[in-house]
Amino acid sequence: MNNAMTRFKSPRAGLLLLMLLAVLVAAVLGYKQLSRPLQSQPFGNPDKALASTPVSFAVTQALPQAVNLDVRKVTLGQQLFHDARLSKDNTISCASCHSLDSGGVDNRARSVGVAGGVGGINAPSVFNSGLNFVQFWDGRAASLEDQVEGPVNHPLEMASSWALVLDKLGADATYSSNFGTLYSDGITTANIKDAIATFERSLVTPNSRFDKFLQGNVNALTLEERTGYELFQSYGCASCHQGQNLGGNMFEKMGLMGDYFADRGHLTEADKGRFNVTHHPDNLHEFRVPSLRNVALTAPYFHDASAATLEQAIAIMAKYQLGRPMPAPDLTAIAAFLRSLNGQYNGQQL
């Protein structure tokens with residue numbers, strides 16, 4: 001015991017103890033600084049917008065200008081994407097629920113399929129879907145090719161079968177020729193899915209004002225939008241909405257800091273989220289984090305379409321995901337930032 005006390009009191013041990021305490025204090029202060037929401041004030045110097053971004057959250061990247069794909073397959077997939085013959089009664093195409101004129105969605109709470117059938121979940125955007133790590137809200141499709149399988153066979157969507165689709169397309173001389181040119185085995189289920197998925201991978205929407213900001217044009221965003229971007233990070237929104245797609249690359253539980261579903265009520269099967277795929281209790285109410293690209297165009301929001309506006313969606317996220325109130329000026333600034341995420345498709349502003 002006496003020897004231990006002697007070692008502790010030695011100058012070297014004391015110095016090491018002081019250094020350890022200094023590191024701990026710095027770590028605590030650093031954590032508080034990063035976790036503290038910014039005041040609702042515009043930047044003193046807008047040219048320092050990027051420099052003032054906390055490094056630990058600087059994980060967002062601009063979208064690529066284009067994706068390297070077989071243009072012939074893209075063209076074929078585009079035709080199939082808009083072809084209602086994929087549905088049982090020739091009335092519903094992929095574009096019926098994923099309009100390329102309105103943010104890649106139909107802006108309905110629930111999509112309407114064959115014979116007026118109504119789906120059980122809000123349709124996500126098809127734009128930039130090739131950047132998602134899985135497809136569907138519950139992640140049940142590992143790829144875009146797998147995703148095509150769902151709507152074609154779903155009784156409330158296209159209500160068709162691959163046998164019926166193959167018969168219809170096989171009777172079309174143009175399709176027979178185009179498939180024969182691109183695929184050695186012609187029109188098959190796998191080749192139809194490949195062509196549609198290839199087209200969907202082409203649906204990137206670069207050149208948003210935010211992309212230009214990330215590329216160095218600080219003036220591409222207004223002061224309010226830049227303030228919103230910093231708040232988006234300091235509140236912790238960027239911990240789930242990051243990467244090129246500002247989302248789409250992880251699962252998260254809806255209601256981390258409050259019981260969203262108990263407060264909302266009227267539970268549905270879709271509310272179980274990823275649990276419906278894995279049947280594991282830990283996955284109850286987990287969903288793929290949605291991309292925020294073009295989010296201003298894709299209302300209503302969330303899998304259940306419970307938020308009609310961006311402001312409502314942000315308020316819900318602040319309450320149930322962040323567990324903290326958000327002052328109105330902060331909410332408005334974040335909404336302004338999110339409206340800067342609208343990109344271009346085929347050179348036209350969305």
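The values are calculated or read from the model by the stated rules, or taken from the named source; none is laboratory data. What you are looking at is a predicted structure, and each value in this text was computed from that prediction instead of being measured. FYI the Cβ positions are ideal-geometry reconstructions off the backbone, even for glycines, and counts take in every protein chain you see.
Are any residues in segment 65-88 more than 15 Å from K168 (Cβ to Cβ) and at pLDDT 95 or above, and if so, which ones?
In the first step, residues of segment 65-88 are kept if they are more than 15 Å from K168 (Cβ to Cβ); the result is 65-78, 81.
Passing the criteria: N68, L69, D70, V71, R72, K73, V74, T75, L76, G77, Q78, F81.
If you go through segment 56-104 and pick out every residue that is within 21 Å of N153 (Cβ to Cβ), part of a loop (DSSP other than H, G, I, E, B) and of a type in the set (S, T, Y), you end up with 3.
Scanning segment 105-161 for residues being outside any loop (DSSP other than H, G, I, E, B), in contact (Cβ under 8 Å) with a residue 60 or more places away in the chain and among the small types (G, A, S) gives a total of 2. Just one of (1) part of a loop (DSSP other than H, G, I, E, B); (2) closer than 22 Å to G116 by Cα fails for G186. It is (2). Return yes when S129 is within 16 Å of E149 (Cβ to Cβ), over 17 Å from the mean Cα position of the chain (by Cα) and of a type in the set (S, T, Y) and no when it is not. Judged against the criteria, S129 is not a match. Against the test of being at positive phi, of a type in the set (A, V, I, L, M, F, W, C) and touching a residue at least 12 places away in the same chain (Cβ under 8 Å), the options F251, F337, F302, F287 yield a single qualifying residue, F302.
Of all the listed residues (F210, F179, F199), the sole one being more than 28 Å from the chain's Cα centre (by Cα) and either in contact (Cβ under 8 Å) with a residue 60 or more places away in the chain or on the phi > 0 side of the Ramachandran plot (or both) is F179.
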